[in-house]
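K.L.:
Take a look at the following structure, please.
The values are calculated or read from the model by the stated rules, or taken from the named source; none is laboratory data. The structure displayed is predicted, hence computed values, not measured ones. Positions of Cβ are backbone-derived with ideal geometry, glycine not excepted, and every protein chain shown enters the neighbour counts. Keep in mind that these areas ignore ligands, DNA and RNA; they rest on the heavy atoms of the full protein, side chains included. Shrake-Rupley method; radii C 1.70, N 1.55, O 1.52, S 1.80 Å.
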Amino acid sequence: MSVALAAENLGFRYEGRGPLVLEGVRLRVQKGTCLALLGASGSGKSTLLLHLNGTLKPEAGQVYLNGVPVSYRWRALKEWRHRVGLVLQDPDDQVACPLVYQDVAFGPQNLGLATEEVQRRVATSLEWVGIGHLSDRGVHQLSFGEKKRVALAGVLAMGPEVLLLDEPTAGLDPRATRQLMETLAARKAGGSALVMATHDVDLAFAWADEVVVLSRGRALCQGESKTILADAALLEGAGLRLPWLAELAAEARRRGWLEEGRALPGTLATLMAQLGECLGCEDRRHEVHSHENRERR
């Protein structure tokens with residue numbers, strides 16, 4: 001699997017002074033995968049995202065797009081942000097036009113696309129995020145969650161290869177969160193790479209293929225999510241906790257209800273199936289042992 005986006009040894013401090021906000025950060029984003037940037041508040045997640053789409057330029061290090069070092073010249077930046085879209089945490093920082101349709105159409109229009117193609121992209125993107133019925137609505141009439149969907153639709157309408165999302169579920173109710181995750185799953189199935197900055201270990205555990213753990217501006221590690229998110233010492237050192245499912249599985253192993261060395265279950269249904277299997281085997285062994293004792297007597 002090839003790398004869509006990568007960073008090598010990024011270093012950055014705001015206004016060129018003060019402590020480093022990013023220091024020696026490395027990561028890789030594989031095409032068609034989901035990567036979570038996981039860390040506590042102040043770990044550098046949002047700053048890193050702003051480097052990955054060219055909003056910020058590092059003091060040190062390099063960003064690569066499809067293996068090619070990026071350029072910060074105006075035309076190159078425009079192409080970069082077309083291919084790597086960023087959805088900010090606060091939609092009021094991103095949604096600027098008075099009407100929903102106008103805001104989502106803004107990016108495709110700036111690409112110089114024909115009117116028919118712009119209309120198609122806007123309609124498709126709004127349907128993807130579940131707000132096609134709000135196309136003619138004034139942005140000021142929308143709820144916070146609806147604005148977040150407008151911001152996402154505006155980025156999707158650009159047709160990015162990589163989608164960056166900063167705390168995308170913040171402020172969303174459970175239904176809106178579920179709809180968002182379904183939209184992201186569809187984008188992954190369509191071949192897009194997805195990068196999400198979050199401090200929600202449970203969300204990262206359920207969603208991400210890989211995880212980068214950040215702490216105080218440093219990337220502590222990158223690896224397969226089920227492996228990284230089972231390391232209690234690593235997470236505690238980064239100001240995080242074990243996902244509840246991993247914690248539950250660990251406790252079940254301590255009690256002898258799950259086999260040691262078995263792969264960490266990715267969902268509650270998988271964990272319950274493993275528990276049922278292991279406990280069922282234990283019950284069967286107990287029945288056999290009791291029957292043998294009766295036979296001896």
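Residues are listed down the side, and each one gets a yes or a no for (1) of a type in the set (Gly, Ala, Ser); (2) more than 16 Å from the chain's Cα centre (by Cα):
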{"position": "GLY132", "(1), (2)": "yes, yes"}
{"position": "ARG137", "(1), (2)": "no, yes"}
{"position": "LEU164", "(1), (2)": "no, no"}
{"position": "GLU167", "(1), (2)": "no, no"}
{"position": "LEU180", "(1), (2)": "no, no"}
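K.L.:
In addition: Please go through (1) at pLDDT below 95; (2) in contact with a Gly (Cβ under 7 Å, 6 or more places away or on another chain); (3) open to solvent by 30 Å² or more (accessible area, probe 1.4 Å); (4) closer than 27 Å to LEU240 by Cβ for GLY24 and return the number of the only condition it doesn't satisfy.
P.N.:
All conditions pass for GLY24, except number (1).
K.L.:
Do you know which residues across the stretch 8-21 are surrounded by 15 or more Cβ atoms within 10 Å (Cβ to Cβ) and assigned to a loop (DSSP other than H, G, I, E, B)? Even if it seems obvious, please write down each step before you answer.
P.N.:
The first filter runs over the stretch 8-21 and keeps only residues surrounded by 15 or more Cβ atoms within 10 Å (Cβ to Cβ), leaving 8, 10-13, 20-21.
Residues satisfying the conditions are ARG13, LEU20, VAL21.
K.L.:
Which of the residues spanning the stretch 47-61 are open to solvent by 50 Å² or more (accessible area, probe 1.4 Å) and among the polar types (S, T, N, Q)?
P.N.:
Answer for the stretch 47-61, where residues must be open to solvent by 50 Å² or more (accessible area, probe 1.4 Å) and among the polar types (S, T, N, Q): just THR55.
K.L.:
Can you pull out every residue in the stretch 93-116 that is assigned to a helix (DSSP H, G or I) and surrounded by fewer than 13 Cβ atoms within 10 Å (Cβ to Cβ)?
P.N.:
Narrowing the stretch 93-116 to residues assigned to a helix (DSSP H, G or I): 93, 100-110, 115-116.
Hits for the stretch 93-116 are ASP93, ASN110, THR115, GLU116.
K.L.:
For the stretch 167-201, how many residues meet the condition of being assigned to a loop (DSSP other than H, G, I, E, B), of a type outside the set (Gly, Ala, Ser) and either closer than 30 Å to GLY24 by Cα or open to solvent by 60 Å² or more (accessible area, probe 1.4 Å) (or both)? Before you say what the answer is, go through the steps one by one.
P.N.:
So the first thing to find is which residues in the stretch 167-201 are assigned to a loop (DSSP other than H, G, I, E, B), and the list is 167-173, 190-192, 199-200.
Next cut, of a type outside the set (Gly, Ala, Ser) only: 167-169, 172-173, 199-200.
Those still in the list that are either closer than 30 Å to GLY24 by Cα or open to solvent by 60 Å² or more (accessible area, probe 1.4 Å) (or both) too: 167-169, 173, 199-200.
Of the residues in that region, 6 qualify.
K.L.:
Follow-up question, since we're still on this one. Which ones in the stretch 29-77 are hydrophobic (A, V, I, L, M, F, W, C) and touching an Asp or Glu at 6+ places or on another chain (Cβ under 6 Å)? First the steps, then the outcome.
P.N.:
Narrowing the stretch 29-77 to residues hydrophobic (A, V, I, L, M, F, W, C): 29, 34-38, 40, 48-50, 52, 56, 60, 63, 65, 68, 70, 74, 76-77.
Within the stretch 29-77, CYS34, LEU35, LEU49 qualify.
K.L.:
Show me the helices (runs of 4 or more DSSP H) found entirely inside the stretch 202-285 where at least 3 residues are open to solvent by less than 80 Å² (accessible area, probe 1.4 Å) and at pLDDT below 90. Reasoning before the result, please.
P.N.:
On the way: elements: 225-228, 232-237, 244-254.
Filter on the stretch 202-285 gives 244-254.
K.L.:
Separate question: Looking only at the stretch 188-206, how many residues end up being under 14 Å from the mean Cα position of the chain (by Cα) and closer than 19 Å to VAL3 by Cα? It would help to see each step written out before you state the result.
P.N.:
We begin by selecting, within the stretch 188-206, every residue under 14 Å from the mean Cα position of the chain (by Cα); these are 188, 192-206.
Still in the running and closer than 19 Å to VAL3 by Cα: 188, 192-197.
Count: 7.
K.L.:
If I ask for residues that are touching a Ser or Thr at 6+ places or on another chain (Cβ under 7 Å) and either open to solvent by 40 Å² or more (accessible area, probe 1.4 Å) or basic (Lys, Arg) (or both), which ones from the stretch 27-46 would you list?
P.N.:
Answer for the stretch 27-46, where residues must be touching a Ser or Thr at 6+ places or on another chain (Cβ under 7 Å) and either open to solvent by 40 Å² or more (accessible area, probe 1.4 Å) or basic (Lys, Arg) (or both): just LYS31.
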